[in-house]
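See structure below.
Rule-based calculations on the coordinates, nothing more; no lab input. Model, not experiment: these values are computed from the prediction. Methodologically, a virtual Cβ is constructed for each residue, glycine included, from the backbone with ideal geometry; neighbour enumeration extends over all protein chains shown.
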Amino acid sequence: MKLLPDTQVILWAFDNPGMLSRAATALLKDDRNELVFSAVSVWETAIKSALHKRDFQVDARELRSSLLKNGYTELPVTSEHAVATFSLPAIHKDPFDRLLIAQATVEDILLLTADRQIARYPGPIRKV
C-alpha cells in the first residue's frame, strides 16, 4: 500500500517517535508499504521553522535528507494538485493540509494523519 504521512506524522516519526500511535508505527514500519513524503511537508516545515513555531524546530534540509535515506519517495506538487484543492469542502483551512489532502486524492495514496479535522475529508485518509 502507498502511504503519505502528513507533516505532523512525519515530524513525529523523524524527531519524536513516541508520539506516534501504535497503528501509525506499524504502518510506517511495514516493509510491504511504500512510503511517500510530499514536498508540501518540507515546505511547511521550512516556513514554520523560520517563523520559530514550537512544533517545527527541525531543519527542513535534514528532514528531507533523512526521509530520502529512509526509503521515502518524494511527491512533488503539481498544478493538478493545486486545482484539486478548489473542490475540497471547507472543513480545514490550513493550506498545507488542504494540499496534502488534494495530493492523496489525486494520486490515490492513503494519507496518514493524527488530525481529526483532516480525517473528516472524504477520500483516501486514515486517522492514526
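Show which lysines lie in cross-link reach of Lys48 when reach means a straight Cα distance below 25 angstrom and same-chain residues fewer than eight apart are skipped.
Of all the lysines, those that pass the test against Lys48 - Cα under 25 Å, at least 8 places apart if same chain - are Lys69, Lys93, Lys127.
Using each residue's phi in region 37-49, evaluate 6.51 cos²θ - 1.76 cosθ + 1.60 at θ = phi - 60° and report the 3J(HN,Hα) Karplus result to the nearest Hz, with x for Gly and Pro.
In residue order, the calculated couplings are 10, 8, 4, 4, 5, 5, 4, 4, 4, 4, 5, 6, 5 Hz.
Express in nm, to one decimal, how much length is gained between Phe86 and His52 on full extension, taking 0.36 nm for each residue of separation and deducting their alpha carbon distance.
Residue separation times 0.36 nm, minus the Cα-Cα distance, leaves 9.3 nm.
Taking every pair of alpha-carbon atoms in the chain, give the share separated by more than 17 Å as a whole percent.
54 percent
In sequence order, what are the phi-derived ³J(HN,Hα) couplings for region 72-87 according to the Karplus relation 6.51 cos²θ - 1.76 cosθ + 1.60 with θ = phi - 60°, rounded to whole Hz, with x for glycine and proline?
So the J values, rounded to whole Hz, are 6, 9, 7, 9, x, 8, 10, 5, 4, 5, 4, 5, 5, 5, 4, 8.
Give me, ordered by chain and number, the residues 5 or more places off Phe37 or on other chains with an amide H under 5 Å from its own placed amide H.
Close amide H contacts, sequence-distant or interchain: Thr73, Glu74, Leu75.
Could you rank the peptides 66-78, 105-117 by their average count of other C-beta atoms within 10 Å per residue, with the highest value first?
My ranking of the peptides, most packed first, is 105-117, 66-78.
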